[in-house]
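The values are calculated or read from the model by the stated rules, or taken from the named source; none is laboratory data. Note that the structure is predicted; figures quoted are calculated from it, not measured. For neighbour counting, all protein chains shown are included, and Cβ atoms are generated from backbone atoms with ideal geometry for every residue, glycine included.
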Amino acid sequence: MAAPFDPQASTIRVTAVLQGLVRRRARLVLDTGASRTVLAPRLVEVIQARPAGHVSPVPIMTAGGMASAEQVRLTSVSLQGFTVGPVDVLCTPLPTQLGAAGLLGLDILRHFNVTLDFEHGELTLERFPTDRVKETIATYSAPPARAA
Amino acid sequence: MTDLVSIPETEKQYKDEWLLFEVVESSEQDEPLRGRLLCHHPDQGPIYDHADGKDALDLYITFTGPAVPDGYEAVL
């Protein structure tokens, strides 16, 4: 089923159900330019997500330069009734002016066939017929740092 | 206890504010449909403060304004 979005808006937001120790719904910006999903620290607090047990913090590259972010583990993330997980997401402060609690990145989006119908303002997420990507993207290992 | 409201309709009534709902009904696609408005504020901090300690409730956090403020562009 399709979810409506404003084709003229500067960003597209989707409702995500985030399961840490506590389950919360929040609006996230759909961001195909983000390799990882990012949540604001206060949101991570309220869902009581625990630190991921490996490779933390993770180096990240933003438009403003290089930085690092902590990783936390979500039991699951649900979009339009489809659930993936467990998944490790990044926790780092986002601009206070951003009208969303996080960014929904490719680590979760690649579980779906994503259709953005700008003519009709409809976003459709279609789960793959099999779970074939599950094993490869449920967890993440940072690539080795490049030599200077 | 606040009244049950339509969440999509209530979102339209608050411009450029962060809202915190307790969700009592949602669609099969997990979109919140009906619930109680627990808090609204121009800043997100009070919303998270209000959500603390309400672990048993199904809460929904949203912002009714644009994700990127008018006059700004978003880039990676």
Problem set entry | Residue check, A:Ser10 in contact with a Pro (Cβ under 8 Å, 6 or more places away or on another chain) and at the interface with another protein chain (Cβ under 10 Å from one of its Cβ atoms) | yes
Exercise. Filter region A:72-86 for residues that are of a type in the set (Gly, Ala, Ser) and at positive phi; which is farthest from the chain's Cα centre (by Cα)?
Worked result: A:Gly81
Problem set entry | strands (runs of 3 or more DSSP E) wholly inside region A:73-131 containing at least 1 residues that are closer than 28 Å to B:Gly45 by Cα, in contact with a helix residue (DSSP H, G or I) (Cβ under 7 Å, 6 or more places away or on another chain) and modelled with pLDDT of 95 or more | A:76-79, A:87-91, A:102-104
For this session: Identify the residue in region A:31-71 that is facing another protein chain (nearest Cβ under 10 Å) and assigned to a strand (DSSP E or B) and, among all such residues, is surrounded by the fewest Cβ atoms within 10 Å (Cβ to Cβ).
Result: A:Met61
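Condition check ((1) modelled with pLDDT under 95; (2) loosely packed, with under 14 Cβ neighbours inside 10 Å; (3) small (Gly, Ala, Ser)) across all residues:
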{"position": "B:Asp3", "(1), (2), (3)": "yes, yes, no"}
{"position": "B:Thr10", "(1), (2), (3)": "no, no, no"}
{"position": "B:Gln13", "(1), (2), (3)": "no, yes, no"}
{"position": "B:Leu20", "(1), (2), (3)": "no, no, no"}
{"position": "B:Glu31", "(1), (2), (3)": "yes, no, no"}
{"position": "B:Leu38", "(1), (2), (3)": "no, no, no"}
{"position": "B:Lys54", "(1), (2), (3)": "yes, no, no"}
{"position": "B:Gly71", "(1), (2), (3)": "yes, yes, yes"}
Exercise. When the residues of region A:96-116 are filtered to those that are away from chain B (no Cβ under 14 Å) and exposed (fewer than 13 other Cβ atoms within 10 Å of the Cβ), which remaining residue is nearest to the chain's Cα centre (by Cα)?
Worked result: A:Asn113
